[in-house]
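One structure is given here, and the rest of the page talks about it.
The values are calculated or read from the model by the stated rules, or taken from the named source; none is laboratory data. Worth saying up front: this structure is predicted, and the values here are computed from it rather than measured. FYI the Cβ positions are ideal-geometry reconstructions off the backbone, even for glycines, and counts take in every protein chain you see. Note: accessible area is taken over every heavy atom of the protein model, side chains too, but ligands, DNA and RNA are not part of it. Shrake-Rupley method; radii C 1.70, N 1.55, O 1.52, S 1.80 Å.
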Amino acid sequence: MLNRIRAVWELSQVYGLECYLDGHQKEAYYLVQVVKKGSQATITSTQHFDNWETLLGAIDPTIPVALVFNGRGIITKPLKTNAMDWVELAQEALPNANAEDLVGQVFDEGTERQLSLLRKSVANDKIAMLEASKIKVIALAVGAWNAAWIAPFLSTSNSSIPLRNQRIALADGALPKLLPNAGSEQVSIGDQTIDSGFLLAFSIALKVLLKVPSLTYNSDQINENYNNALLVQRTNVAFISGGVFLLVLALLNFFAFMYLREAVASGGVQTYQYQQQLDQIKALEQEIQRKQQLAGNNSVLAPSKVSFYADEIAWTMPSGIKLIKLNIFPKKADLKRQEENYQFEKGIITIEGQTRKSANLNLWIKQLESLDWVEKVKVLPYKEDRTGLGTFELVLQLRP
C-alpha cells in the first residue's frame, strides 16, 4: 500500500500532534517531527507537553502540522450501511445530532465499518489557536485507530500496537479493538526507537508524508491548507522548469538558423545557387513558430497545475483501488499519432483502474466531485469479471 501512491511533489517534513484528553479533563500534547528524504522517513524529535503555550513555543511555524485527537470526547459507533455522504453517516451514528456540529472518520476492515466522531468546536478551537500562531494544520484525524496501519513497520508483534494507556488489538478481516494498557514502552521502527506514547502522532505524520489516503469528513479548511502547502512548491518549480524548456528550445533553433544563414551569406554567389539552404532556413523559421505556438497553447508544456492535479487525485484515492492509468490533458483522438503538432484536451483528465468493491469507487467519485477544480465526473461503463474484479474508467471535466 505504501508504494502504491507516488508523486513528484511532496512535503519534506511535518509535525504529528496528538491532543489527548484524559478522564479528569486534563489535556496532554504529544509532538513528533518527521523528515522525509527520498524513501527514508526519520523521526527527528519527540516532545511531551502539558501546557498549550509551551507547545506553541516549540513548533516551527514553517513546518505544517498533522493533528489527531484521542481520549475522552471521541465517540465511536458501528455502521451498517455503505453510505458515503457525511450527513447520512452522522445521522446513522447519532440520529439526533446535527451533522454540521461534528467531524468524523470512517474505518473499514473486511465487512466491518465504524465511525469515530468529535465535536467540531473542539477541533476548530485548537486549529484556530494554531493558526493564530501562524501554524498551518494540513491534516485532521479522529481516534486511536489511526495508528493501526503502521503495525507492519514495528518490531513488536503484528497482532498488537501499544500506545500509552491504550493498546490496539489487530485481527485479519476485522476492525481493530481498543483495549486498556498498563503504560507506554519502547518500540523500534526501522533503525529508530521511540516511546510508544508517541506512536499515534507519528502515525498521522507518516500518513501525510507518504500520502496514504485518509478522509476526515466535514473538515474542508484542512484540505485547503494541505493543497496550499504543496502548491507553493509546485508553482515555483513548474515555472522554472517551463522557462528553462522554452529557453533551451529557442536557443537551439536560433543557433541552427544562424549557422545556415552564415552558410548562405559566405558563398559570395547568386542566391539561386543556394536555394536548398534557403528552403531549409524557411523550414526552420516555420518550425520555430510552430513550437512556440505549441508551447504557448498547450498547458502541458507551459508552467501549469499538472502535478497539482496528480497529487490531488492520489490523495483522495481510497485503499482497495488499483490505479492503472492517469492521463492529464489527453491528446485529441482525431489526430494521427505520427503528427508532431499535437493538440490536447486541456480541461479533461481520464482515470482507469480496478477494484473489487464498488463502494470504494463510489467513495472516490464523491471525493473527486468535492474538489474545487472539478466541474463533474463522468463514469464510463463499469465491467466486472467472474472473479469479482471490476474495471472502470472516469472522465474528469475541469472547471474553466
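Full extension of the chain between residue 397 and residue 81 gives 110.8 nm of extra length, using 0.36 nm per residue less the Cα-Cα distance.
Its convex hull of Cα atoms gives the stretch 94-210 a direction-averaged projected area, equal to a quarter of the hull surface, of 9.0 nm². Computed over the alpha carbons of the stretch 34-109, Rg followed by Dmax gives 17.9, 48 Å. Taken over the stretch 5-163, the percentage of Cα pairs per 10 Å bin, counting from 0 up to the bin with the maximum distance, is 9, 33, 36, 21, 2. Counting only the Cα atoms, the stretch 71-115 fills a convex hull of 75 Å³ per residue.
Modelled label positions at residue 186 and residue 319, each set 7 Å beyond Cα in the direction of Cβ, lie 3.0 nm from each other.
The calculated FRET efficiency for the pair residue 386 and residue 53, based on their C-beta separation and a Förster distance of 51 Å, comes to about 0.25. The modelled label-to-label distance for the pair residue 101/residue 373, using points 7 Å beyond Cα in the direction of Cβ, is 3.7 nm. Which links in 77/120; 80/120; 26/126 stretch past 19 Å when you go from one Cα to the other? Beyond 19 Å: 80/120.
When DSSP beta bridges are restricted to pairs lying wholly in the stretch 18-142, around 75% turn out antiparallel.
The Cα-based radius of gyration of the stretch 125-183, divided by its Kirkwood radius, gives an Rg/Rh of 1.13.
Give the carbon-plus-sulfur fraction of the accessible surface of the stretch 55-112 in %, rounded to a whole number; probe 1.4 Å, heavy atoms of protein chains only. Using a 1.4 Å probe with all protein chains present, the stretch 55-112 comes out at 46 percent carbon and sulfur. Starting from the Kirkwood radius over alpha-carbon pairs of the stretch 162-215, derive D by Stokes-Einstein at 20 °C in a medium of 1.002 mPa s and give it in µm² s⁻¹. My calculation gives 172 µm²/s for D.
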